[in-house]
Amino acid sequence: MGDEEKKEKKEIESYVVEGWPPLAGSYLAGDPTKPVAIVTLASELDNARLLKRSAICGDCKTENIGTEKVVANIISNSHIRYLVVCGAEVHGHITGKCWKALFENGVDDTGRIIDAPGAIPYVTNLPREAIDRFRNQIVELVDLINVEDESQIESAIDRLEPIGPYEEEPMLVKLGGAMEEEMTGVLGHTGDSVSIESRIRHIEQEYKDLGKLQKVTAGLVGGLYQGFVLGLILTIVIFGLRRLLG
């Protein structure tokens with residue numbers, strides 16, 4: 001191994017945890033020295049193509065566990081300075097907007113992403129310092145939500161300014177909180193529970209909408225019935241008056 005190769009290897013090791021990415025998921029990982037991470041939300045894009053311009057590329061469908069995994073993988077590589085959020089928004093979870101809220105606002109004392117619109121936007125398995133590290137390390141969140149054109153995504157990445165690694169060492173975090181909470185009797189927010197919760201909310205909303213429709217229909221029917229009765233009475237009165245006057 002030559003001096004240049006040794007220098008490059010040492011630089012990678014200085015800014016990237018061993019075995020990066022540390023957490024498994026539905027993504028492709030490439031050159032860890034590239035400054036871009038790509039989240040494709042609910043879309044199945046050409047990740048292999050996008051990986052040529054990024055260190056890691058994959059989907060993220062939930063606004064809690066999925067988000068936590070992506071954050072953990074990003075902060076374990078100090079080279080990553082840009083996060084591109086693209087692809088179709090996740091119905092019910094609204095994960096893309098939750099990413100924006102996390103980057104712009106952080107979380108409150110309960111772990112809830114501030115001003116996030118998702119079903120259960122909680123990142124309770126990440127310590128506050130991990131969230132702060134993510135928000136400091138990422139200099140720009142590129143908002144391409146609902147964009148599925150790979151060429152447009154590539155063009156947006158090509159316009160990003162070259163940037164060096166984050167000045168601090170990579171941070172390694174483990175997501176064991178959900179399992180520990182479940183064992184102690186506290187409900188952990190898993191991807192399945194989020195999906196069930198979202199479906200329940202949709203069903204409840206459909207019932208509410210149906211109730212509103214029934215009220216409107218009942219009002220219309222009642223109004224038509226009252227109009228018919230009044231019209232009939234008025235017709236009888238007019239007919240009676242004509243008989244008396246005639």
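Rounded to the nearest whole Å², what accessible area per residue is found for region 27-110 with the 1.4 Å probe?
Working: 2720 Å² over 84 residues.
Per residue, region 27-110 has an accessible area of 32 Å².
Counting only the heavy atoms of the protein chains, how much of residue 150 is accessible to a 1.4 Å probe, in Å² to the nearest 10?
We get 40 Å² for residue 150.
When the accessible area of region 44-152 is computed with all protein chains present and a 1.4 Å probe, what percentage of it is carbon and sulfur? All intermediate terms of the calculation are to be shown ahead of the outcome.
Values: 1750 of 4050 Å².
Here carbon and sulfur together make up 43 percent of the probe-accessible area.
The values are calculated or read from the model by the stated rules, or taken from the named source; none is laboratory data. The structure displayed is predicted, hence computed values, not measured ones. Please note that ligands, DNA and RNA were not included when accessible areas were found on the heavy atoms of the full protein model with its side chains. Shrake-Rupley method; radii C 1.70, N 1.55, O 1.52, S 1.80 Å.
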